[in-house]
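Contents: one structure, followed by commentary.
The values are calculated or read from the model by the stated rules, or taken from the named source; none is laboratory data. Please read all numbers here as calculations on a predicted model, not as lab measurements. Methodologically, a virtual Cβ is constructed for each residue, glycine included, from the backbone with ideal geometry; neighbour enumeration extends over all protein chains shown.
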Amino acid sequence: MNNLAFHEVDRERWDDMQKLFESRGAPNYCWCMVWRTSREERHQRDSQSRKAALHKRVEAGIPIGILGYLDGEPVAWCSIAPRNTYRPLGGLDDPDEEAEKVWSIACFFVVRRLRGQGIMKQLIAAAVEQSKRRGAKVVEAYPVEPDAPSYRFMGFVPVFESMGFQEVGRAGYRRHVMRLQLE
């Protein structure tokens with residue numbers, strides 16, 4: 001599937017983000033806020049509060065991710081943003097790195113009818129390009145093995161390996177920490 005277009009979620013694309021996340025089977029229970037919540041937001045676990053918190057970030061110009069479009073319709077999502085806009089993900093802390101130059105891929109969603117068609121690799125490539133445009137030097141991801149019972153929304157190790165990411169550690173029991181140097 002080569003006819004996808006990718007765009008950063010900004011104010012102009014917020015309606016498309018809502019459309020995708022409110023579609024059948026989408027992660028509208030979390031609004032991709034699991035790894036982003038601030039201390040004040042942690043107790044607001046309902047869908048509407050999480051949606052409002054994500055929208056607030058978009059309105060403030062904080063990067064949250066990209067949407068994939070097929071024939072003008074939003075069909076895919078990748079959370080790609082500076083790592084310091086997330087809660088600790090368990091990544092590599094290098095004191096010599098500028099925090100805002102490390103971007104993290106934390107979540108994916110593809111509409112069910114398009115799964116298994118290679119969109120994940122396209123999302124990763126588009127996320128890497130987006131982070132480069134925004135000045136990143138490193139992209140970090142936290143995928144799991146394909147047979148993992150949880151955290152599957154973070155992607156799978158073999159896909160990231162095929163995209164040139166290298167494992168640099170572990171984040172908890174299931175998640176691998178993988179990095180791609182952009183310099």
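Which residue pairs have Cβ atoms closer than 6 Å, lie 6 or more positions apart in sequence or on different chains, and pair a first residue in the range 49-70 that is over 23 Å from Val102 (Cβ atoms) with a second residue that is loosely packed, with under 15 Cβ neighbours inside 10 Å and hydrophobic (A, V, I, L, M, F, W, C)?
The qualifying pairs are Tyr69/Ala5.
Determine whether the range 152-159 contains at least one residue that is among the small types (Gly, Ala, Ser), within 25 Å of Asp94 (Cα to Cα) and in contact with a Leu (Cβ under 8 Å, 6 or more places away or on another chain).
No, because not a single residue in the range 152-159 is among the small types (Gly, Ala, Ser), within 25 Å of Asp94 (Cα to Cα) and in contact with a Leu (Cβ under 8 Å, 6 or more places away or on another chain).
Scan the range 99-146 residue by residue and report those that are at pLDDT 95 or above and acidic (Asp, Glu).
Glu129, Glu140, Glu145
Any residue at all in the range 33-52 that's in a helix (DSSP H, G or I), within 18 Å of Glu12 (Cα to Cα), aliphatic (A, V, I, L, M) and within 14 Å of the chain's Cα centre (by Cα)?
no
Mind listing just one residue for me: the one in the range 137-161 that is touching a residue at least 40 places away in the same chain (Cβ under 8 Å) and touching a helix residue (DSSP H, G or I) at 6+ places or on another chain (Cβ under 7 Å) and, of those, nearest to Gly116 (Cα to Cα)? Break it down into steps so the answer makes sense when it comes.
Of all residues in the range 137-161, those touching a residue at least 40 places away in the same chain (Cβ under 8 Å) come to 137-140, 142, 153-155.
Narrowing the set further to residues that are touching a helix residue (DSSP H, G or I) at 6+ places or on another chain (Cβ under 7 Å) leaves 137-140, 142, 155.
On the way: Lys137: 30, Val138: 27, Val139: 24, Glu140: 23, Tyr142: 20, Gly155: 13 Å.
It comes out as Gly155.
Being among the β-branched types (Val, Ile, Thr), surrounded by 18 or more Cβ atoms within 10 Å (Cβ to Cβ) and farther than 19 Å from Val9 by Cα: is that true of Val138 here?
The answer is yes for Val138.
Within the range 119-133, can one find any residue that is surrounded by 13 or more Cβ atoms within 10 Å (Cβ to Cβ), part of a loop (DSSP other than H, G, I, E, B) and touching a residue at least 12 places away in the same chain (Cβ under 8 Å)?
The answer is no, given that none of the residues of the range 119-133 is surrounded by 13 or more Cβ atoms within 10 Å (Cβ to Cβ), part of a loop (DSSP other than H, G, I, E, B) and touching a residue at least 12 places away in the same chain (Cβ under 8 Å).
With the structure loaded, tell me whether Phe160 is aromatic (Phe, Trp, Tyr) and either in a strand (DSSP E or B) or touching a Phe, Trp or Tyr at 6+ places or on another chain (Cβ under 7 Å) (or both) or whether it fails that test.
no
What pairs come up if the first residue lies in the range 28-46 and is over 20 Å from Asn84 (Cβ atoms), the second is acidic (Asp, Glu), and their beta carbons are under 7 Å apart, counting only those six or more places apart or on different chains?
Here the result reads Asn28/Glu22, each pair linking the range 28-46 to a residue that is acidic (Asp, Glu).
Determine whether Pro63 is buried (at least 17 other Cβ atoms within 10 Å of the Cβ), within 20 Å of Glu129 (Cβ to Cβ) and over 13 Å from the mean Cα position of the chain (by Cα). Before the answer, list the steps.
Working: buried (at least 17 other Cβ atoms within 10 Å of the Cβ): yes; within 20 Å of Glu129 (Cβ to Cβ): yes; over 13 Å from the mean Cα position of the chain (by Cα): no.
No: the conditions fail for Pro63.
State whether one or more residues within the range 57-79 are at pLDDT 95 or above, acidic (Asp, Glu) and in a helix (DSSP H, G or I).
Yes; the residues of the range 57-79 include at least one that is at pLDDT 95 or above, acidic (Asp, Glu) and in a helix (DSSP H, G or I).
Among the listed residues Ser47, Ser38, which satisfies the condition of being among the hydroxyl-bearing types (Ser, Thr, Tyr), surrounded by fewer than 19 Cβ atoms within 10 Å (Cβ to Cβ) and touching a Phe, Trp or Tyr at 6+ places or on another chain (Cβ under 7 Å)? Give the steps one after another, and end with the answer.
Values: Ser38 fails: touching a Phe, Trp or Tyr at 6+ places or on another chain (Cβ under 7 Å).
Exactly one of Ser47, Ser38 is among the hydroxyl-bearing types (Ser, Thr, Tyr), surrounded by fewer than 19 Cβ atoms within 10 Å (Cβ to Cβ) and touching a Phe, Trp or Tyr at 6+ places or on another chain (Cβ under 7 Å), namely Ser47.
Just need a number here: residues in the range 145-174 that are crowded, with 21+ Cβ neighbours inside 10 Å, under 22 Å from Ala26 (Cα atoms) and either among the basic types (Lys, Arg) or touching a Lys or Arg at 6+ places or on another chain (Cβ under 7 Å) (or both). Walk me through it before giving the result.
First pass over the range 145-174, keeping only residues crowded, with 21+ Cβ neighbours inside 10 Å: 154-155, 160, 165.
This time we only want the ones that are under 22 Å from Ala26 (Cα atoms), so: 154-155.
This time we only want the ones that are either among the basic types (Lys, Arg) or touching a Lys or Arg at 6+ places or on another chain (Cβ under 7 Å) (or both), so: 154.
Of the residues in that region, 1 qualify.
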